[in-house]
Amino acid sequence: MVAVVVKNEGHIPDLQELDLFCLEHIARFKRPKRYVFVDELPKNATGKVLKRELRERFRKESPA
C-alpha cells in the first residue's frame, strides 16, 4: 500500500513521524508500506482527486 502525501511549504516530512501517526490511528495491517511525497494531487475541474491517475502513476513506479 502506498500513501501519497502532499508536502507543506517550509516543512520537511519525517517518515518516522508519519509511520507513528498511522500506527496510532489505523490498524497495523492497513499501514502504508511506502510514502510518496508530491507537491499537489491531480484533480479534475470540480476539484475531486483523480485516484485512478494516482494508482496508475505509482503502480508503474513500484517494483513488480
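The values are calculated or read from the model by the stated rules, or taken from the named source; none is laboratory data. This structure is a prediction, so every number in the text was calculated from the model and none was measured. When we count neighbours, we look across all protein chains shown, and the Cβ atoms used for this are built from the backbone with ideal geometry, even at glycine. For the accessible areas, the whole protein counts, side chains as well, though only heavy atoms, and no ligand, DNA or RNA atoms are used. Shrake-Rupley method; radii C 1.70, N 1.55, O 1.52, S 1.80 Å.
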Odd one out for F58 among (1) at pLDDT below 90; (2) assigned to a helix (DSSP H, G or I); (3) open to solvent by less than 100 Å² (accessible area, probe 1.4 Å); (4) over 13 Å from M1 (Cα atoms): (4)
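Residues are listed down the side, and each one gets a yes or a no for (1) in contact with a Phe, Trp or Tyr (Cβ under 9 Å, 6 or more places away or on another chain); (2) surrounded by 11 or more Cβ atoms within 10 Å (Cβ to Cβ); (3) touching a residue at least 24 places away in the same chain (Cβ under 8 Å):
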| position | (1), (2), (3) |
| --- | --- |
| L23 | no, yes, no |
| A27 | no, no, no |
| K30 | no, no, yes |
| F37 | no, yes, yes |
| A45 | no, no, no |
| K48 | no, no, no |
| L54 | no, yes, yes |
Top-ranked residue in segment 1-21 [being assigned to a loop (DSSP other than H, G, I, E, B) and open to solvent by 60 Å² or more (accessible area, probe 1.4 Å); ranked as nearest to R57 (Cα to Cα)]: M1
Scan of segment 26-50 for residues that are modelled with pLDDT of 95 or more and either part of a helix (DSSP H, G or I) or on the phi > 0 side of the Ramachandran plot (or both), ordered by number: G47
